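Rule-based calculations on the coordinates, nothing more; no lab input. All values derive from a computational prediction rather than experimental measurement. For neighbour counting, all protein chains shown are included, and Cβ atoms are generated from backbone atoms with ideal geometry for every residue, glycine included.
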Amino acid sequence: MKESYFMGIDNGGTMCKAVIFDSRGREISSASRKLTMETPRPGYTERDMEDLWTQNVLAIRSALAEAPVKADEVRAVACSGHGKGLYLWGKQDRPACRGIVSTDTRAWEYPGKWADDGTSARAFEKTCQQILACQPVSLLNWLKENNPGVLEETEWIFSVKDYIRFRLTGEAYAERTDFSGTSLMNLRTGETDRELLALFGLEEIEDRLPPLRSSTDICGLITAETAAATGLAEGTPVAGGMFDIDACALAMDITDESNLCVIAGTWSINEFISTKPILNGSIMMNSLYCLDGYYLIEECSPTSAGNLEWYVETFMKGEKEKAAALGMNLFQYGDYLVESLPPQEQSLQFLPYLFGSNYNPKARSCFVGMDPSHSQAHRIRAVFEGIVFCHMAHIDRLLANREKTRAIRLAGGAAKSLVWAQMFADVSGLPVEIIDTKELGALGCAIAGAVATGAYSGLREAAGAMVKVKKALEPDGDRHRIYREKYRRYLLVSEALDPLWGELSRPLSDEFRRFL
């Protein structure tokens, strides 16, 4: 029987990736391109949408060039990408503005305002989620008040992966898992809701919201123009795809309620699936999962492995020679330094708030308790621990809404480091399992493409065939006790600083401009 192949395209906070898998989930070829993120002002994180498309084209071409299969043997393509943020396509057949990435906090005022005036509580009856500054509902209101011309020129309101699918096919759709995390969807009906739009003063955008489709729906075919640019075969089906947190969960075979899914990427994503949403107000977000009949119960913040990447690139360049002498890259050398220092011998705290904290978009990263005795090993261990502790603050909220959890399935930057993955097990006290693929988001898309074209009857069957566990780690009881005390202190530091972030974020320049 002839083998089938499927391409997943994943656009995250820092990279775009195109990966080809076979029907057993084995990676055939992959290519990635680094994405440029611009920060023109504090709190702004933006991306040139044309350059984003160009990088996707280059990644697709490279993945096809490296694959030992022909383009017409790729039976389907599907896309995933970071949720939240905003990608607007204009009426002049070009982007209406720069893409806004999910780490953007310019609209920080709106969630607070809506909480104070009761709008959030009224919206929760339909959305089942707390409102974030980086969600489209907040960003659209910011644009309406600060740059209304952009909305007037907008034809379609996209998430990043829906934008890339649009460029592949020329057909505009919004996919339900992504759209259900925007605070613009009625989760109880799975559809857009005019009353909800009116609640946020956004009635005029209704005709700019693309028609909704599901993850395994065929949402267009590769056009002749796209085929010429990418090397994909014209007419190849493109499935709806999904929000990257769904794609990663699916690629970890999260198809029942037994495991937690933890993704340590630019965002700290912590989630499980349930046949019922959690409506007691204790968790951040309910959204629709790609598996029919399930909700994705999520706690998230932009506080994860992106902080480590920033620290290594900013403060460890001088360690390159030491790392090279040991045959390591800088990230492997970071693992080496962390292992060299037992957890009980380091009390330095790091808050991984480079792009905001769990619940306060004005919060920022810092070390607390530093003195001259602290070495690079102390600092890098503090970064590792702080990111895990921040995940744990989310995980605790999830565990409070579950009777039993078998294990954590871990993905993202932390899953590439056994030292870091073991820390997740030791801090949480739960077994940690790592899946046998480097590209979970793309694998989740490939699974959707396989179902969309009939290779499997459904997502549960496809995931069962295409997902394999590579490594299982058990928690160490002694380290667990040490880490729980350190975690308690982390929470104390975080809570103590929380009231100060608003004051510290206020620019001094306006106050002292008269002296200049």
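Can you give me the Cα centroid spacing of the stretch 171-223 and the stretch 1-52 in angstrom?
Going from one Cα centre to the other spans 23 Å.
Obtain the nm distance between the two label points defined at Ser457 and Leu492 by a simple spin-label model: each point lies 7 Å from its Cα along the Cα-to-C-beta direction.
5.7 nm
Below 8 Å, C-alpha to C-alpha, sequence gap of six or more: please give me the relative contact order for the stretch 265-411 in percent.
Across the stretch 265-411, relative contact order equals 26 percent.
Please find the FRET efficiency linking Ser347 to Thr314, where r is the Cβ-Cβ separation and R0 is fixed at 25 Å, and quote it to the nearest 0.05.
Plugging the Cβ-Cβ distance into 1/(1 + (r/R0)^6) gives 0.65.
Per-residue ellipticity at 222 nm for the chain, helices alone: DSSP H runs ≥ 4 residues times -39500 (n - 2.57), over residue total, nearest 500 deg cm²/dmol? Provide the component values of the computation, followed by the final result.
Working: 20 runs with 200 residues, N = 516.
Helices in the chain give a 222 nm mean residue ellipticity of -11500 deg cm²/dmol.
How do Phe124, Phe315, Phe272 rank when sorted from fewest to most other Cβ atoms within 10 Å of their own Cβ?
On the way: Phe124 16, Phe315 13, Phe272 28.
Going from sparsest to densest Cβ surroundings: Phe315, Phe124, Phe272.
Mind checking the dipole of the chain: about its Cα centre, +1 per Lys or Arg Cβ, -1 per Asp or Glu Cβ, Debye to the nearest 20?
The calculated dipole for the chain is roughly 860 debye.
What shape does the stretch 44-188 have by the C-alpha gyration tensor, where a ≥ b ≥ c are the square roots of the eigenvalues, rounded means a/c under 1.5, and otherwise prolate means a/b greater than b/c and oblate the rest?
Prolate, because a/c is 1.5 or more and a/b exceeds b/c.
Output wanted: per-residue J couplings in Hz (rounded whole) for the stretch 458-474, from phi through Karplus 6.51 cos²θ - 1.76 cosθ + 1.60, θ = phi - 60°, x for Gly and Pro.
Residue by residue, the stretch 458-474 yields x, 5, 5, 5, 5, 5, x, 8, 9, 10, 10, 7, 8, 8, 10, 10, 9 Hz.
Answer with one residue from Ile380, Gln346, Pro211: the one whose Cα lies farthest towards the positive end of the charge dipole of the chain, charges on Cβ with Lys, Arg +1 and Asp, Glu -1.
So the residue furthest toward the plus end is Gln346.
If I take R0 = 30 Å and measure r between the Cβ atoms of Leu418 and Arg61 in this structure, what FRET efficiency does the formula 1/(1 + (r/R0)^6) give, to the nearest 0.05?
0.35
What is the distance in Å between the Cα centres of the stretch 311-353 and the stretch 255-285?
Comparing the Cα centres of the stretch 311-353 and the stretch 255-285, I get a distance of 30 Å.
Using the per-residue mean of other Cβ atoms lying within 10 Å as a proxy for protection, in what order, highest first, do the peptides 25-31, 111-117 fall? If you can, show how the numbers build up before the last one.
Working: 25-31: 18.6, 111-117: 14.7.
Output ranking for 25-31, 111-117: 25-31, 111-117.
Got the relative contact order for the stretch 239-303 handy, in percent, Cα pairs under 8 Å and 6 or more residues apart?
Details: 100 pairs, mean separation 19.3, N = 65.
Once divided by the residue count of the stretch 239-303, the mean separation gives 30 percent.
Could I have the simple spin-label model distance between Arg402 and Leu279, label points 7 Å from Cα toward Cβ, reported in nm to one decimal?
Reported label-point gap for Arg402 and Leu279 is 2.2 nm.
Which of Lys17/Lys362; Lys91/Lys144; Lys84/Lys113; Lys34/Lys486; Lys34/Lys161 have a Cα-Cα distance over 26 Å?
On the way: Lys17/Lys362 31 Å; Lys91/Lys144 17 Å; Lys84/Lys113 19 Å; Lys34/Lys486 35 Å; Lys34/Lys161 16 Å.
In this structure, Lys17/Lys362; Lys34/Lys486 exceed 26 Å between Cα atoms.
Let me have the relative contact order for the chain, percent, based on Cα pairs under 8 Å that are six or more residues apart.
Details: 1125 pairs, mean separation 82.6, N = 516.
Relative contact order for the chain comes out at 16 percent.
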